Amino acid sequence: MIREHYYISGRVQGVGFRYRSYYTAQALGVTGYVKNLWDGRVELELQGDADAVHEFLGKVESGSFIEIHGIDRYDMEVQLDEREFTIE
């Protein structure tokens, strides 16, 4: 199990990124959260099986209108008590 923190830039606000993230997380069994930032980026934390976490962004970006131009990724400590993925 891994946990990663992301800052995503591109066309990621106003195009369904957060909702697509939510449904993708449900399908892959990933926990964490997604939220819009004031500067137009999206902040995202993902926790789960390494393959599922790494598959996540490709599935989200395959949605209509979403275009990821930049990703800043940071490893984090796993939170064993986390049970769901939320939209903040």
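Just so you know, all these numbers are worked out from the coordinates, no wet-lab data involved. These numbers come from a predicted model, not from an experiment. FYI the Cβ positions are ideal-geometry reconstructions off the backbone, even for glycines, and counts take in every protein chain you see.
State, as an integer percentage, the relative contact order of the chain based on alpha-carbon contacts under 8 Å between residues 6 or more apart. Could the numbers behind the result be given before it?
On the way: 176 pairs, mean separation 42.4, N = 88.
Relative CO of the chain lands at 48 percent.
When a footprinting reagent is the concern and you count Cβ atoms within 10 Å, what order do S9, S21, S62 take, fewest first?
Listed from fewest to most nearby Cβ atoms, that is S62, S9, S21.
Run lengths n ≥ 4 of DSSP H only: what is the helix-derived mean residue ellipticity at 222 nm for the chain, with -39500 (n - 2.57) per run over all residues, to the nearest 500?
Details: 2 runs with 24 residues, N = 88.
Per the formula, -8500 deg cm²/dmol.
Report, in degrees rounded to the nearest 10, the 0 to 90 angle that the Cα long axis of helix 50-61 makes with the longest principal axis of the chain.
Compared with the principal axis, the helix lies near 20 degrees.
How do 42-52, 76-86 rank on mean C-beta neighbours within 10 Å, highest first? Write down the numbers at each step before the final one.
Numbers: 42-52: 18.7, 76-86: 11.8.
Descending mean neighbour count gives 42-52, 76-86.
What are the ³J(HN,Hα) couplings of region 19-31, residue after residue, when phi is run through the Karplus curve with 6.51, -1.76, 1.60 and θ = phi - 60°? Round to Hz, x for glycine and proline.
Karplus values, whole Hz, x for Gly and Pro: 6, 5, 4, 4, 5, 5, 4, 4, 5, 8, x, 9, 10.
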